[in-house]
Amino acid sequence: MQGRFKYEKLVKYPHMKPGDIAIWERFVAANPNFFDTVDYDVMIGQGASFDTTLINTEGSDVGALYRKKIDVVGYRAGEIWLVEVKPSAQFSALGQIGAYDDLYREEKKPSDKVVACLLTDVVGPDVANIAAKWGVILLTA
């Protein structure tokens, strides 16, 4: 599977907050060959449990707004990296990327190796130890 975007600095990133963008762009600049291609804001999981259908000329469905979204899915030879960007990686971020990893594998059924990753500026207390036990890669920018 290949991403829709070249792995490079973009003018805009879907749904990334300014703090996340700063971290991501520092990582891209420092690691220009880390990924071949990437996808942003990758939807996984179920949407809302209530009716979210909008009837309009475009046939929009706001249910997609309620799905979980992985910040970045990066592709490189034989690997798919699920990257959650956090200015400060705490235990909640570990739970989030762990859940995304499970959902991604269940829904996409990838044949390539999947790597769960947190990209951050700050690693909270005990996070590195638990991340290592859970197989989550911690990267800093």
Exposed loop sites here are trypsin sites (Lys or Arg not before Pro) in DSSP loop states with at most 15 other C-beta atoms within 10 Å. What is the longest stretch of the chain lacking them? 68-141
Taking only Cα atoms and a 10 Å spring cutoff, compute GNM fluctuations for the chain and point out the largest among I70, I130, I23. I130
Computed helical MRE - 222 nm, the chain, DSSP H runs ≥ 4 contributing -39500 (n - 2.57), nearest 500: -9000 deg cm²/dmol
Answer with one residue from V83, A30, N129: the one whose Cα lies farthest towards the positive end of the charge dipole of the chain, charges on Cβ with Lys, Arg +1 and Asp, Glu -1. A30
Express the carbon and sulfur contribution to the solvent-accessible surface of the chain as a percent, rounded to the nearest whole number, probe 1.4 angstrom. 54 percent
Quick one: Cα centre-to-centre distance for region 71-116 and region 16-38, in angstrom? 15 Å
Using heavy-atom solvent-accessible surface (probe 1.4 Å) with all chains present, what is the largest-first order of S111, S88? S111, S88
Relative contact order (percent) for the chain, with alpha-carbon contacts under 8 angstrom and 6 or more residues of separation? 22 percent
Determine how large the accessible area of F5 is when every protein chain is in place; take a 1.4 Å probe and give Å² rounded to the nearest 10. 70 Å²
Average accessible surface area per residue within the chain, 1.4 Å rolling probe, Å²: 58 Å²
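The values are calculated or read from the model by the stated rules, or taken from the named source; none is laboratory data. What you are looking at is a predicted structure, and each value in this text was computed from that prediction instead of being measured. All Cβ positions, glycine included, derive from the backbone under ideal geometry; neighbour counts span all protein chains shown. When the accessible area is computed, the model is the full protein with side chains, heavy atoms only, and any ligands, DNA or RNA have been set aside. Shrake-Rupley method; radii C 1.70, N 1.55, O 1.52, S 1.80 Å.
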